[in-house]
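The values are calculated or read from the model by the stated rules, or taken from the named source; none is laboratory data. What you see is a predicted model, and the numbers here were worked out from it, not measured in a lab. Reconstructed Cβ throughout: ideal geometry from the backbone, glycine too, with neighbour counts over all protein chains shown. Please note that ligands, DNA and RNA were not included when accessible areas were found on the heavy atoms of the full protein model with its side chains. Shrake-Rupley method; radii C 1.70, N 1.55, O 1.52, S 1.80 Å.
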Amino acid sequence: MTAPSIQVQYKIGMRDILAFAVFHYPRSPVTLGLLLIAQLVFGVPLWKDAQGGSSFGGLVFAEIILFVVLVLSFSAVYPLIIIASVLSRRNRILFAPHTLTATHDHLADETSLAKAEIQWSAIQRVAVTRKRYFLYLSRDNAIVIPRDSFASPQEEAAFIALCRERSGRAA
(Lines give C-alpha, C1' and ligand atoms only; values in the text may rest on other atoms or scores of the structure.)
Protein backbone atom coordinates (compact mmCIF):
# COMPACT_ATOMS: atom_id res chain seq x y z
CA MET A 1 0.00 0.00 0.00
CA THR A 2 1.40 3.39 -0.97
CA ALA A 3 1.43 6.36 1.33
CA PRO A 4 -1.04 9.13 0.50
CA SER A 5 0.19 12.17 -1.36
CA ILE A 6 0.12 15.68 0.05
CA GLN A 7 -0.89 18.49 -2.27
CA VAL A 8 -0.48 22.24 -1.88
CA GLN A 9 -1.65 24.92 -4.27
CA TYR A 10 0.05 28.28 -4.25
CA LYS A 11 1.02 31.27 -6.30
CA ILE A 12 4.23 33.15 -5.68
CA GLY A 13 4.69 36.85 -6.14
CA MET A 14 7.50 39.35 -6.23
CA ARG A 15 7.61 39.41 -2.41
CA ASP A 16 8.32 35.68 -2.38
CA ILE A 17 11.12 36.08 -4.93
CA LEU A 18 12.66 38.93 -2.95
CA ALA A 19 12.25 36.98 0.31
CA PHE A 20 14.25 34.13 -1.22
CA ALA A 21 16.94 36.59 -2.34
CA VAL A 22 17.11 38.17 1.13
CA PHE A 23 17.28 34.72 2.76
CA HIS A 24 19.73 33.15 0.35
CA TYR A 25 22.20 35.66 -1.04
CA PRO A 26 23.68 37.02 2.20
CA ARG A 27 24.60 33.39 3.01
CA SER A 28 25.92 32.61 -0.45
CA PRO A 29 29.66 31.94 -0.79
CA VAL A 30 29.59 33.87 -4.08
CA THR A 31 28.15 36.97 -2.40
CA LEU A 32 30.59 36.74 0.48
CA GLY A 33 33.47 36.28 -1.97
CA LEU A 34 32.41 39.32 -4.00
CA LEU A 35 32.19 41.44 -0.85
CA LEU A 36 35.66 40.26 0.19
CA ILE A 37 37.10 41.08 -3.23
CA ALA A 38 35.47 44.52 -3.18
CA GLN A 39 36.82 45.07 0.34
CA LEU A 40 40.31 44.22 -0.88
CA VAL A 41 40.07 46.28 -4.07
CA PHE A 42 38.85 49.38 -2.27
CA GLY A 43 40.67 48.72 1.01
CA VAL A 44 44.22 48.25 -0.26
CA PRO A 45 44.50 51.92 -1.36
CA LEU A 46 43.49 52.92 2.18
CA TRP A 47 46.38 50.92 3.61
CA LYS A 48 48.82 52.30 1.03
CA ASP A 49 47.76 55.87 1.78
CA ALA A 50 48.04 55.17 5.51
CA GLN A 51 51.70 54.25 5.33
CA GLY A 52 52.36 57.96 5.59
CA GLY A 53 51.40 58.07 9.24
CA SER A 54 47.72 57.35 9.87
CA SER A 55 46.97 55.53 13.09
CA PHE A 56 46.10 51.82 13.04
CA GLY A 57 42.80 52.55 14.80
CA GLY A 58 41.88 55.10 12.15
CA LEU A 59 42.63 52.57 9.42
CA VAL A 60 40.52 49.89 11.05
CA PHE A 61 37.70 52.39 11.44
CA ALA A 62 38.00 53.33 7.73
CA GLU A 63 37.91 49.64 6.74
CA ILE A 64 34.78 49.09 8.85
CA ILE A 65 33.11 52.12 7.26
CA LEU A 66 34.11 50.82 3.82
CA PHE A 67 32.63 47.41 4.59
CA VAL A 68 29.36 48.95 5.80
CA VAL A 69 29.17 51.11 2.65
CA LEU A 70 29.80 48.06 0.44
CA VAL A 71 27.13 45.99 2.22
CA LEU A 72 24.59 48.83 2.07
CA SER A 73 25.39 49.44 -1.61
CA PHE A 74 24.96 45.75 -2.36
CA SER A 75 21.72 45.67 -0.35
CA ALA A 76 20.35 48.63 -2.32
CA VAL A 77 21.41 47.47 -5.78
CA TYR A 78 20.80 43.73 -5.56
CA PRO A 79 16.99 43.85 -5.15
CA LEU A 80 16.87 46.07 -8.24
CA ILE A 81 18.85 43.46 -10.17
CA ILE A 82 16.49 40.70 -8.98
CA ILE A 83 13.40 42.71 -9.93
CA ALA A 84 14.82 43.58 -13.35
CA SER A 85 15.72 39.96 -14.07
CA VAL A 86 12.37 38.56 -12.92
CA LEU A 87 10.09 41.12 -14.56
CA SER A 88 9.91 39.58 -17.99
CA ARG A 89 7.11 38.03 -19.99
CA ARG A 90 9.36 35.00 -20.34
CA ASN A 91 8.93 34.32 -16.62
CA ARG A 92 5.19 33.64 -16.78
CA ILE A 93 5.76 30.14 -15.43
CA LEU A 94 7.31 31.58 -12.28
CA PHE A 95 4.18 33.52 -11.35
CA ALA A 96 1.62 30.99 -12.58
CA PRO A 97 -0.45 29.17 -9.94
CA HIS A 98 1.39 26.00 -8.86
CA THR A 99 0.13 22.68 -7.62
CA LEU A 100 2.89 20.83 -5.78
CA THR A 101 2.22 17.21 -4.94
CA ALA A 102 4.52 15.35 -2.58
CA THR A 103 4.43 11.57 -2.80
CA HIS A 104 6.63 8.87 -1.33
CA ASP A 105 8.56 8.72 -4.64
CA HIS A 106 8.87 12.32 -5.83
CA LEU A 107 7.56 15.88 -5.96
CA ALA A 108 5.34 16.89 -8.86
CA ASP A 109 5.13 20.59 -9.68
CA GLU A 110 2.40 21.54 -12.12
CA THR A 111 1.25 24.82 -13.60
CA SER A 112 -0.95 25.61 -16.59
CA LEU A 113 2.27 25.96 -18.60
CA ALA A 114 4.44 23.06 -17.43
CA LYS A 115 4.68 19.89 -15.42
CA ALA A 116 7.83 18.68 -13.64
CA GLU A 117 8.61 15.57 -11.66
CA ILE A 118 11.41 16.11 -9.15
CA GLN A 119 13.12 13.17 -7.52
CA TRP A 120 13.70 13.53 -3.80
CA SER A 121 17.44 13.14 -4.30
CA ALA A 122 17.37 16.43 -6.27
CA ILE A 123 16.37 18.35 -3.12
CA GLN A 124 19.67 19.62 -1.74
CA ARG A 125 18.35 21.58 1.21
CA VAL A 126 15.09 22.35 2.99
CA ALA A 127 15.06 25.83 4.55
CA VAL A 128 12.32 27.38 6.66
CA THR A 129 11.51 31.00 7.43
CA ARG A 130 8.54 32.47 9.27
CA LYS A 131 6.51 32.82 6.06
CA ARG A 132 8.05 30.45 3.49
CA TYR A 133 9.68 27.11 2.74
CA PHE A 134 12.60 26.90 0.32
CA LEU A 135 13.28 23.54 -1.30
CA TYR A 136 16.72 24.00 -2.86
CA LEU A 137 17.24 22.30 -6.23
CA SER A 138 20.72 23.80 -6.69
CA ARG A 139 23.01 26.15 -4.83
CA ASP A 140 21.10 29.24 -6.00
CA ASN A 141 17.67 27.91 -7.02
CA ALA A 142 14.77 26.81 -4.87
CA ILE A 143 11.08 26.07 -4.98
CA VAL A 144 9.47 28.81 -2.88
CA ILE A 145 6.33 27.75 -1.03
CA PRO A 146 4.40 30.35 0.99
CA ARG A 147 3.48 28.82 4.36
CA ASP A 148 -0.04 30.27 4.23
CA SER A 149 -0.77 28.07 1.17
CA PHE A 150 -1.51 25.01 3.28
CA ALA A 151 -5.09 24.12 4.14
CA SER A 152 -4.22 23.42 7.78
CA PRO A 153 -1.27 23.39 10.17
CA GLN A 154 -1.47 19.58 10.17
CA GLU A 155 -1.13 19.46 6.38
CA GLU A 156 1.81 21.87 6.54
CA ALA A 157 3.55 19.76 9.20
CA ALA A 158 2.95 16.55 7.23
CA PHE A 159 4.25 18.13 4.02
CA ILE A 160 7.47 19.45 5.49
CA ALA A 161 8.06 16.24 7.46
CA LEU A 162 7.71 14.25 4.23
CA CYS A 163 10.07 16.64 2.42
CA ARG A 164 12.69 16.32 5.14
CA GLU A 165 12.33 12.57 5.44
CA ARG A 166 12.37 11.73 1.74
CA SER A 167 15.09 14.24 0.75
CA GLY A 168 17.25 13.40 3.75
CA ARG A 169 17.70 17.14 4.32
CA ALA A 170 16.88 18.97 7.52
CA ALA A 171 16.30 22.71 7.81
Every residue from the range 80-104 that is hydroxyl-bearing (Ser, Thr, Tyr) and either at pLDDT below 90 or on the phi > 0 side of the Ramachandran plot (or both): Ser85, Ser88
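Hey, can you tell me all the residues within the range 100-115 that are closer than 16 Å to Ile6 by Cα and not acidic (Asp, Glu)?
Scanning the range 100-115 gives Leu100, Thr101, Ala102, Thr103, His104, His106, Leu107, Ala108.
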When residues of the range 129-171 are limited to those that are open to solvent by less than 30 Å² (accessible area, probe 1.4 Å) and aliphatic (A, V, I, L, M), the one farthest from Phe23 (Cα to Cα): Leu162
Among (1) at pLDDT 85 or above; (2) in a helix (DSSP H, G or I); (3) surrounded by fewer than 14 Cβ atoms within 10 Å (Cβ to Cβ) - the single one Phe20 does not satisfy: (3)
Unmet requirement for Arg169, which otherwise passes all of (1) in contact with a strand residue (DSSP E or B) (Cβ under 8 Å, 6 or more places away or on another chain); (2) modelled with pLDDT of 90 or more: (2)
